[in-house]
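Everything on this sheet refers to the single structure shown next.
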Amino acid sequence: MSDSAKPLPYGRQTIDDDDIAVVVEALRSDWLTTGPKVGEFERAFAAITETAEAVVVNSGTAALHAAMRAIGVGPNDEVIVPAITFAATSNAVLYEGGVPVFADVDPKTLLIDLNDVQAKINPRTKAIVAVDYAGQPCDYPSLRAIADQHGLKLVADACHALGAKLNGQSIGGLADLSAFSLHPVKPITTAEGGAITTNDPALAAKMRVFRNHGITTDHRQREAKGSWIYEMVELGYNYRLSDLQCALGINQLRKLSAWTNRRREIAARYQGLFQNVPGIEPLLTRDNVEHAYHLFVVQIDPEIFGMNRASAFQALRTRGIGVNVHYVPVYLHPYYQKLGYAAGLCPQAEAAYDRILSLPIYPTMTDQDVDRVVENFADLSQR
Ligand SMILES: *Cc1c(COP(=O)(O)O)cnc(C)c1O
(Lines give C-alpha, C1' and ligand atoms only; values in the text may rest on other atoms or scores of the structure.)
Protein backbone atom coordinates (compact mmCIF):
# COMPACT_ATOMS: atom_id res chain seq x y z
CA MET A 1 0.00 0.00 0.00
CA SER A 2 1.48 3.36 -0.91
CA ASP A 3 1.83 5.82 1.94
CA SER A 4 -0.84 8.14 0.60
CA ALA A 5 -3.35 5.25 0.59
CA LYS A 6 -2.60 4.21 4.17
CA PRO A 7 -5.61 4.93 6.40
CA LEU A 8 -4.99 7.71 8.94
CA PRO A 9 -6.35 6.99 12.44
CA TYR A 10 -7.88 9.86 14.44
CA GLY A 11 -5.31 9.25 17.18
CA ARG A 12 -2.58 6.83 18.07
CA GLN A 13 0.17 6.20 20.60
CA THR A 14 3.86 6.91 20.06
CA ILE A 15 6.10 4.08 21.29
CA ASP A 16 9.83 4.44 20.66
CA ASP A 17 12.62 1.90 21.23
CA ASP A 18 13.50 3.60 24.53
CA ASP A 19 9.89 3.05 25.75
CA ILE A 20 10.27 -0.65 25.00
CA ALA A 21 13.65 -0.76 26.76
CA VAL A 22 12.34 0.71 30.04
CA VAL A 23 9.46 -1.77 30.16
CA VAL A 24 11.84 -4.68 29.54
CA GLU A 25 14.08 -3.37 32.32
CA ALA A 26 11.10 -3.18 34.68
CA LEU A 27 10.14 -6.76 33.74
CA ARG A 28 13.60 -7.93 34.81
CA SER A 29 13.43 -6.04 38.15
CA ASP A 30 12.11 -7.29 41.50
CA TRP A 31 8.88 -5.36 41.18
CA LEU A 32 6.22 -5.95 38.57
CA THR A 33 3.64 -3.91 40.45
CA THR A 34 3.60 -1.35 43.30
CA GLY A 35 7.36 -0.95 43.47
CA PRO A 36 9.67 2.06 43.24
CA LYS A 37 8.37 3.16 39.83
CA VAL A 38 4.97 4.15 41.24
CA GLY A 39 6.35 6.89 43.50
CA GLU A 40 8.83 7.95 40.83
CA PHE A 41 6.06 8.33 38.26
CA GLU A 42 3.85 10.19 40.75
CA ARG A 43 6.64 12.69 41.53
CA ALA A 44 7.35 13.24 37.82
CA PHE A 45 3.64 13.67 37.07
CA ALA A 46 3.22 16.17 39.91
CA ALA A 47 6.27 18.10 38.68
CA ILE A 48 5.06 18.35 35.10
CA THR A 49 1.57 19.46 36.17
CA GLU A 50 3.04 21.86 38.77
CA THR A 51 1.03 20.29 41.60
CA ALA A 52 1.92 19.03 45.08
CA GLU A 53 0.64 15.48 44.58
CA ALA A 54 -0.20 13.01 41.86
CA VAL A 55 -1.87 9.66 42.57
CA VAL A 56 -1.65 7.10 39.77
CA VAL A 57 -4.40 4.55 39.13
CA ASN A 58 -5.17 2.03 36.41
CA SER A 59 -7.50 4.14 34.23
CA GLY A 60 -8.88 7.62 33.73
CA THR A 61 -12.22 6.20 34.83
CA ALA A 62 -10.66 5.02 38.11
CA ALA A 63 -9.16 8.51 38.47
CA LEU A 64 -12.62 10.09 38.20
CA HIS A 65 -14.06 7.51 40.59
CA ALA A 66 -11.30 8.21 43.13
CA ALA A 67 -11.99 11.94 42.77
CA MET A 68 -15.71 11.46 43.47
CA ARG A 69 -14.91 9.38 46.58
CA ALA A 70 -12.27 11.83 47.81
CA ILE A 71 -14.62 14.81 47.71
CA GLY A 72 -17.32 12.78 49.43
CA VAL A 73 -19.98 12.45 46.73
CA GLY A 74 -22.70 10.24 48.20
CA PRO A 75 -26.28 9.12 47.63
CA ASN A 76 -28.45 11.84 46.08
CA ASP A 77 -25.65 14.39 45.89
CA GLU A 78 -25.90 16.22 42.58
CA VAL A 79 -22.78 16.73 40.48
CA ILE A 80 -22.89 19.05 37.48
CA VAL A 81 -21.15 17.65 34.38
CA PRO A 82 -21.14 18.80 30.74
CA ALA A 83 -23.42 16.98 28.27
CA ILE A 84 -20.58 16.55 25.74
CA THR A 85 -18.04 14.20 27.29
CA PHE A 86 -17.11 10.55 27.49
CA ALA A 87 -19.62 8.57 29.57
CA ALA A 88 -16.99 7.83 32.24
CA THR A 89 -17.29 11.42 33.54
CA SER A 90 -20.86 11.00 34.72
CA ASN A 91 -20.58 7.24 35.34
CA ALA A 92 -18.10 8.07 38.14
CA VAL A 93 -20.84 10.11 39.83
CA LEU A 94 -23.24 7.15 39.56
CA TYR A 95 -20.64 4.74 41.04
CA GLU A 96 -20.84 6.68 44.32
CA GLY A 97 -24.63 6.92 44.27
CA GLY A 98 -24.65 10.55 43.14
CA VAL A 99 -26.86 12.15 40.52
CA PRO A 100 -25.25 13.58 37.37
CA VAL A 101 -26.85 16.88 36.33
CA PHE A 102 -26.01 17.71 32.73
CA ALA A 103 -25.09 21.27 31.83
CA ASP A 104 -25.11 22.52 28.26
CA VAL A 105 -21.97 23.52 26.37
CA ASP A 106 -20.76 26.67 24.66
CA PRO A 107 -21.46 26.11 20.95
CA LYS A 108 -18.10 27.54 19.81
CA THR A 109 -15.80 25.63 22.20
CA LEU A 110 -18.00 22.74 23.45
CA LEU A 111 -16.75 23.55 26.97
CA ILE A 112 -19.24 23.60 29.86
CA ASP A 113 -21.54 26.65 29.72
CA LEU A 114 -21.05 28.73 32.87
CA ASN A 115 -24.56 30.24 32.78
CA ASP A 116 -26.10 26.80 32.60
CA VAL A 117 -23.87 25.62 35.45
CA GLN A 118 -25.21 28.46 37.59
CA ALA A 119 -28.80 27.72 36.56
CA LYS A 120 -28.42 24.09 37.69
CA ILE A 121 -26.99 24.76 41.17
CA ASN A 122 -29.36 24.00 44.06
CA PRO A 123 -28.99 22.92 47.70
CA ARG A 124 -28.31 19.29 46.67
CA THR A 125 -25.39 20.27 44.41
CA LYS A 126 -22.07 18.94 45.71
CA ALA A 127 -19.58 19.52 42.93
CA ILE A 128 -18.87 20.64 39.39
CA VAL A 129 -16.85 18.47 37.02
CA ALA A 130 -15.50 20.50 34.09
CA VAL A 131 -14.15 18.66 31.03
CA ASP A 132 -11.22 20.13 29.12
CA TYR A 133 -12.77 19.01 25.86
CA ALA A 134 -10.31 18.28 23.05
CA GLY A 135 -7.46 19.45 25.32
CA GLN A 136 -8.60 23.03 25.87
CA PRO A 137 -8.72 24.15 29.53
CA CYS A 138 -12.08 25.42 30.77
CA ASP A 139 -12.46 28.85 32.36
CA TYR A 140 -11.23 27.72 35.79
CA PRO A 141 -11.07 31.16 37.45
CA SER A 142 -14.79 31.66 36.74
CA LEU A 143 -15.66 28.08 37.70
CA ARG A 144 -13.71 28.55 40.94
CA ALA A 145 -15.65 31.71 41.74
CA ILE A 146 -18.97 29.93 41.15
CA ALA A 147 -17.88 26.90 43.20
CA ASP A 148 -16.66 29.06 46.10
CA GLN A 149 -19.82 31.15 46.10
CA HIS A 150 -21.92 28.00 46.60
CA GLY A 151 -19.48 25.92 48.67
CA LEU A 152 -18.95 23.34 45.92
CA LYS A 153 -15.94 21.19 45.03
CA LEU A 154 -14.41 21.71 41.61
CA VAL A 155 -13.04 18.74 39.68
CA ALA A 156 -11.33 18.83 36.27
CA ASP A 157 -11.80 15.92 33.91
CA ALA A 158 -8.47 16.69 32.27
CA CYS A 159 -8.30 13.35 30.43
CA HIS A 160 -7.72 15.24 27.14
CA ALA A 161 -5.55 18.01 28.51
CA LEU A 162 -2.21 16.82 29.88
CA GLY A 163 0.28 19.42 28.62
CA ALA A 164 -2.24 22.27 28.40
CA LYS A 165 -1.96 25.59 30.24
CA LEU A 166 -4.29 28.40 31.18
CA ASN A 167 -2.85 31.87 31.85
CA GLY A 168 0.58 30.22 31.94
CA GLN A 169 -0.44 27.70 34.63
CA SER A 170 -0.37 23.95 33.92
CA ILE A 171 -3.54 21.97 33.89
CA GLY A 172 -3.53 19.85 37.06
CA GLY A 173 -3.65 22.53 39.74
CA LEU A 174 -6.57 24.60 38.43
CA ALA A 175 -9.30 22.61 40.25
CA ASP A 176 -9.44 20.84 43.64
CA LEU A 177 -8.73 17.58 41.85
CA SER A 178 -7.80 16.92 38.21
CA ALA A 179 -8.23 13.52 36.56
CA PHE A 180 -6.08 12.30 33.67
CA SER A 181 -6.23 9.27 31.36
CA LEU A 182 -3.18 7.40 30.06
CA HIS A 183 -5.05 5.41 27.40
CA PRO A 184 -3.15 5.00 24.08
CA VAL A 185 -4.95 7.82 22.26
CA LYS A 186 -4.38 10.30 25.11
CA PRO A 187 -1.36 12.70 25.36
CA ILE A 188 0.94 10.05 26.90
CA THR A 189 0.18 6.38 27.54
CA THR A 190 0.75 3.48 29.93
CA ALA A 191 -1.58 1.26 27.81
CA GLU A 192 -4.29 1.63 30.45
CA GLY A 193 -3.76 4.11 33.25
CA GLY A 194 -4.80 7.30 34.94
CA ALA A 195 -3.75 9.90 37.49
CA ILE A 196 -5.30 12.46 39.80
CA THR A 197 -3.42 15.62 40.74
CA THR A 198 -4.13 17.89 43.70
CA ASN A 199 -2.48 20.43 45.96
CA ASP A 200 -4.23 18.88 48.99
CA PRO A 201 -2.10 16.11 50.58
CA ALA A 202 -5.07 14.83 52.62
CA LEU A 203 -7.10 14.18 49.45
CA ALA A 204 -4.07 12.45 47.89
CA ALA A 205 -3.68 10.19 50.96
CA LYS A 206 -7.37 9.26 50.77
CA MET A 207 -7.08 8.31 47.11
CA ARG A 208 -4.00 6.13 47.77
CA VAL A 209 -6.04 4.14 50.30
CA PHE A 210 -9.03 3.99 47.92
CA ARG A 211 -6.95 2.57 45.03
CA ASN A 212 -5.69 -0.27 47.25
CA HIS A 213 -8.94 -1.86 48.54
CA GLY A 214 -9.27 0.73 51.31
CA ILE A 215 -6.14 -0.64 53.00
CA THR A 216 -3.92 1.89 54.74
CA THR A 217 -0.51 0.40 53.84
CA ASP A 218 0.80 -1.30 50.73
CA HIS A 219 2.73 -4.56 50.49
CA ARG A 220 6.05 -2.78 50.02
CA GLN A 221 5.56 -0.54 53.06
CA ARG A 222 4.74 -3.58 55.22
CA GLU A 223 7.78 -5.45 53.95
CA ALA A 224 10.00 -2.47 54.81
CA LYS A 225 8.54 -2.41 58.34
CA GLY A 226 8.84 -6.18 58.78
CA SER A 227 5.14 -6.35 59.59
CA TRP A 228 2.22 -8.42 58.27
CA ILE A 229 -0.54 -6.37 59.86
CA TYR A 230 -2.79 -4.32 57.63
CA GLU A 231 -6.08 -2.57 58.14
CA MET A 232 -8.89 -2.10 55.68
CA VAL A 233 -10.71 1.03 56.74
CA GLU A 234 -13.13 1.66 53.89
CA LEU A 235 -14.52 -0.12 50.84
CA GLY A 236 -11.92 0.55 48.18
CA TYR A 237 -10.98 -1.05 44.88
CA ASN A 238 -7.95 -2.53 43.21
CA TYR A 239 -7.16 0.48 41.02
CA ARG A 240 -3.37 0.14 41.25
CA LEU A 241 -1.08 0.94 38.32
CA SER A 242 1.76 -1.58 37.87
CA ASP A 243 5.49 -0.81 37.99
CA LEU A 244 5.75 -1.90 34.35
CA GLN A 245 3.25 0.73 33.37
CA CYS A 246 4.79 3.40 35.59
CA ALA A 247 8.20 2.74 33.99
CA LEU A 248 6.60 3.39 30.59
CA GLY A 249 4.79 6.47 31.92
CA ILE A 250 7.99 8.04 33.31
CA ASN A 251 9.66 7.67 29.91
CA GLN A 252 6.62 8.97 28.00
CA LEU A 253 6.36 12.07 30.24
CA ARG A 254 9.84 13.16 29.13
CA LYS A 255 8.52 13.53 25.59
CA LEU A 256 5.25 15.25 26.46
CA SER A 257 6.32 18.79 25.65
CA ALA A 258 7.77 17.84 22.23
CA TRP A 259 4.60 15.90 21.43
CA THR A 260 2.33 18.74 22.56
CA ASN A 261 4.30 21.15 20.37
CA ARG A 262 3.85 18.88 17.37
CA ARG A 263 0.10 18.65 18.05
CA ARG A 264 -0.05 22.46 18.10
CA GLU A 265 1.79 22.65 14.76
CA ILE A 266 -0.67 20.20 13.22
CA ALA A 267 -3.63 22.17 14.60
CA ALA A 268 -2.21 25.44 13.23
CA ARG A 269 -1.77 23.84 9.81
CA TYR A 270 -5.36 22.57 9.85
CA GLN A 271 -6.63 26.01 10.92
CA GLY A 272 -4.75 27.72 8.09
CA LEU A 273 -5.87 25.29 5.41
CA PHE A 274 -9.53 25.16 6.49
CA GLN A 275 -9.83 28.91 5.94
CA ASN A 276 -10.20 27.94 2.28
CA VAL A 277 -12.87 25.28 2.84
CA PRO A 278 -16.26 26.99 3.33
CA GLY A 279 -18.60 25.29 5.79
CA ILE A 280 -15.84 23.70 7.89
CA GLU A 281 -15.29 25.57 11.15
CA PRO A 282 -12.63 24.44 13.66
CA LEU A 283 -13.64 24.90 17.31
CA LEU A 284 -12.70 28.21 18.87
CA THR A 285 -9.62 28.43 21.10
CA ARG A 286 -10.12 30.85 24.00
CA ASP A 287 -7.62 33.57 24.90
CA ASN A 288 -4.72 32.75 27.25
CA VAL A 289 -5.02 29.04 26.50
CA GLU A 290 -2.16 26.74 25.51
CA HIS A 291 -4.19 23.91 23.99
CA ALA A 292 -3.13 20.25 24.27
CA TYR A 293 -5.02 19.22 21.07
CA HIS A 294 -5.85 15.68 22.10
CA LEU A 295 -8.57 16.11 19.45
CA PHE A 296 -8.89 18.43 16.49
CA VAL A 297 -12.63 19.00 16.10
CA VAL A 298 -14.42 20.83 13.29
CA GLN A 299 -18.10 21.66 12.92
CA ILE A 300 -19.72 21.15 9.55
CA ASP A 301 -22.32 23.58 8.29
CA PRO A 302 -24.24 21.32 5.88
CA GLU A 303 -25.83 24.22 3.95
CA ILE A 304 -22.47 25.78 3.11
CA PHE A 305 -20.36 22.62 2.88
CA GLY A 306 -23.00 20.88 0.78
CA MET A 307 -22.96 17.67 2.77
CA ASN A 308 -24.07 16.79 6.26
CA ARG A 309 -21.90 15.31 9.00
CA ALA A 310 -23.17 11.73 8.62
CA SER A 311 -22.43 11.69 4.87
CA ALA A 312 -19.07 13.44 5.32
CA PHE A 313 -18.13 10.87 7.97
CA GLN A 314 -18.90 7.97 5.62
CA ALA A 315 -17.19 9.55 2.63
CA LEU A 316 -14.03 10.39 4.59
CA ARG A 317 -13.81 6.94 6.16
CA THR A 318 -14.13 5.40 2.69
CA ARG A 319 -11.19 7.57 1.63
CA GLY A 320 -9.04 6.29 4.51
CA ILE A 321 -9.42 9.37 6.70
CA GLY A 322 -10.08 8.08 10.23
CA VAL A 323 -12.57 10.68 11.36
CA ASN A 324 -14.55 10.14 14.55
CA VAL A 325 -17.27 11.79 16.62
CA HIS A 326 -16.68 12.95 20.22
CA TYR A 327 -19.29 12.63 21.68
CA VAL A 328 -22.96 11.81 21.63
CA PRO A 329 -24.44 13.82 24.55
CA VAL A 330 -24.07 11.34 27.41
CA TYR A 331 -27.70 11.42 28.51
CA LEU A 332 -28.82 10.16 25.06
CA HIS A 333 -27.20 6.77 25.73
CA PRO A 334 -29.80 4.04 26.39
CA TYR A 335 -28.62 3.53 29.99
CA TYR A 336 -29.15 7.21 30.82
CA GLN A 337 -32.46 7.27 28.98
CA LYS A 338 -33.58 4.40 31.22
CA LEU A 339 -32.56 6.49 34.25
CA GLY A 340 -35.04 9.10 33.01
CA TYR A 341 -32.94 11.74 31.25
CA ALA A 342 -34.91 13.09 28.29
CA ALA A 343 -33.79 14.30 24.87
CA GLY A 344 -33.91 18.09 24.64
CA LEU A 345 -32.13 18.61 27.97
CA CYS A 346 -29.10 20.43 26.50
CA PRO A 347 -30.05 21.95 23.11
CA GLN A 348 -26.61 23.35 22.23
CA ALA A 349 -24.96 19.98 22.91
CA GLU A 350 -27.53 18.17 20.77
CA ALA A 351 -27.14 20.66 17.91
CA ALA A 352 -23.33 20.42 18.08
CA TYR A 353 -23.49 16.62 18.09
CA ASP A 354 -25.01 16.74 14.58
CA ARG A 355 -22.13 18.88 13.25
CA ILE A 356 -18.90 17.66 14.85
CA LEU A 357 -16.10 15.58 13.40
CA SER A 358 -12.78 14.76 15.06
CA LEU A 359 -9.93 14.68 12.54
CA PRO A 360 -6.68 12.71 12.71
CA ILE A 361 -4.12 14.27 15.08
CA TYR A 362 -1.15 12.58 16.76
CA PRO A 363 2.52 13.51 17.13
CA THR A 364 3.88 11.31 14.32
CA MET A 365 1.38 12.69 11.78
CA THR A 366 3.20 14.47 8.92
CA ASP A 367 2.35 17.79 7.23
CA GLN A 368 1.52 15.75 4.11
CA ASP A 369 -0.99 13.72 6.15
CA VAL A 370 -2.64 16.97 7.30
CA ASP A 371 -2.78 18.25 3.73
CA ARG A 372 -4.34 14.99 2.59
CA VAL A 373 -7.13 15.30 5.17
CA VAL A 374 -7.95 18.86 4.12
CA GLU A 375 -7.73 18.04 0.38
CA ASN A 376 -10.32 15.32 0.92
CA PHE A 377 -12.67 17.82 2.59
CA ALA A 378 -12.14 20.31 -0.24
CA ASP A 379 -12.79 17.62 -2.81
CA LEU A 380 -16.04 16.52 -1.12
CA SER A 381 -17.34 20.08 -0.92
CA GLN A 382 -17.04 20.41 -4.72
CA ARG A 383 -19.25 17.42 -5.50
C1 LIG B 1 -10.55 8.86 28.05
C2 LIG B 1 -11.49 9.61 28.90
C3 LIG B 1 -11.95 9.15 30.16
C4 LIG B 1 -11.67 7.76 30.65
O5 LIG B 1 -10.36 7.36 30.63
P6 LIG B 1 -9.97 5.82 30.56
O7 LIG B 1 -8.50 5.84 30.82
O8 LIG B 1 -10.31 5.33 29.19
O9 LIG B 1 -10.73 5.10 31.62
C10 LIG B 1 -12.74 9.99 30.91
N11 LIG B 1 -13.10 11.19 30.48
C12 LIG B 1 -12.73 11.66 29.28
C13 LIG B 1 -13.17 13.02 28.86
C14 LIG B 1 -11.93 10.87 28.44
O15 LIG B 1 -11.59 11.31 27.23
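The values are calculated or read from the model by the stated rules, or taken from the named source; none is laboratory data. Everything numeric in this text was worked out from a predicted model, so none of it was measured. Note that we place each Cβ from the backbone using ideal geometry, even for glycine, and neighbour counts take in every protein chain shown.
Every residue in region 112-132 that is free of Cβ contacts under 8 Å to residues at least 40 places away in the same chain and under 17 Å from HIS160 (Cβ atoms), please.
Once the filter is applied, which keeps residues that are free of Cβ contacts under 8 Å to residues at least 40 places away in the same chain and under 17 Å from HIS160 (Cβ atoms), region 112-132 yields only ILE112.
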When you look at VAL56, is it hydrophobic (A, V, I, L, M, F, W, C), within 12 Å of the ligand (Cβ to nearest atom) and within 10 Å of CYS246 (Cβ to Cβ), yes or no?
yes
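So that you can scan it fast, the table gives a plain yes or no per residue for (1) within 16 Å of the ligand (Cβ to nearest atom); (2) assigned to a loop (DSSP other than H, G, I, E, B); (3) among the polar types (S, T, N, Q); (4) touching a Phe, Trp or Tyr at 6+ places or on another chain (Cβ under 7 Å):
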| site | (1), (2), (3), (4) |
| --- | --- |
| ALA156 | yes, no, no, no |
| CYS159 | yes, yes, no, yes |
| GLY163 | yes, yes, no, no |
| LEU174 | yes, yes, no, yes |
| SER178 | yes, no, yes, no |
| PRO184 | yes, yes, no, no |
| THR189 | yes, yes, yes, no |
| LYS206 | no, no, no, no |
| VAL209 | no, no, no, no |
Out of the residues in region 280-297 meeting the condition of being away from the ligand (no atom under 16 Å from the Cβ) and farther than 19 Å from SER170 by Cβ, tell me which one is surrounded by the fewest Cβ atoms within 10 Å (Cβ to Cβ).
LEU284
Which of the residues that make up region 142-154 are touching a residue at least 24 places away in the same chain (Cβ under 8 Å) and either within 12 Å of the ligand (Cβ to nearest atom) or part of a loop (DSSP other than H, G, I, E, B) (or both)?
LEU152
Restricting region 82-99 to residues that are in contact (Cβ under 8 Å) with a residue 60 or more places away in the chain and crowded, with 24+ Cβ neighbours inside 10 Å, the one farthest from the ligand (Cβ to nearest atom) turns out to be ALA83
Of everything in region 79-108, what is more than 27 Å from GLU281 (Cβ to Cβ), assigned to a strand (DSSP E or B) and out of contact with any Gly (no Cβ under 7 Å at 6 or more places or on another chain)? Give them in sequence order.
ILE80, VAL99, PRO100, VAL101
Tally the residues that are assigned to a helix (DSSP H, G or I) and either buried (at least 16 other Cβ atoms within 10 Å of the Cβ) or in contact with a Cys (Cβ under 9 Å, 6 or more places away or on another chain) (or both), restricting the search to region 5-23.
3
Within region 256-279, tally of residues that are in contact with a Pro (Cβ under 9 Å, 6 or more places away or on another chain), surrounded by 13 or more Cβ atoms within 10 Å (Cβ to Cβ) and either in contact (Cβ under 8 Å) with a residue 60 or more places away in the chain or of a type in the set (D, E, K, R) (or both):
10
Is it fair to say ALA191 is surrounded by fewer than 22 Cβ atoms within 10 Å (Cβ to Cβ) and either charged (D, E, K, R) or out of contact with any Gly (no Cβ under 6 Å at 6 or more places or on another chain) (or both)?
yes
Scan region 280-330 residue by residue and report those that are free of Cβ contacts under 8 Å to residues at least 60 places away in the same chain and touching a Leu at 6+ places or on another chain (Cβ under 8 Å).
GLN299, ILE300, ARG309, PHE313, VAL325
Just to be sure before I move on: is ASP139 away from the ligand (no atom under 13 Å from the Cβ) and touching a residue at least 60 places away in the same chain (Cβ under 8 Å) in the structure I sent?
yes
ASP30 - would you say it is assigned to a loop (DSSP other than H, G, I, E, B) and exposed (fewer than 15 other Cβ atoms within 10 Å of the Cβ)?
yes
Does region 300-320 include one or more residues that are touching a Pro at 6+ places or on another chain (Cβ under 7 Å), crowded, with 18+ Cβ neighbours inside 10 Å and either assigned to a loop (DSSP other than H, G, I, E, B) or β-branched (Val, Ile, Thr) (or both)?
no
Can you go through VAL22, VAL56 and tell me which one is touching a residue at least 24 places away in the same chain (Cβ under 8 Å), farther than 30 Å from HIS326 by Cα and not aromatic (Phe, Trp, Tyr)?
VAL22
So GLY226 passes all but one of these: (1) surrounded by fewer than 23 Cβ atoms within 10 Å (Cβ to Cβ); (2) at pLDDT 95 or above; (3) more than 20 Å from THR51 (Cα to Cα). Which condition number does it fail?
(2)
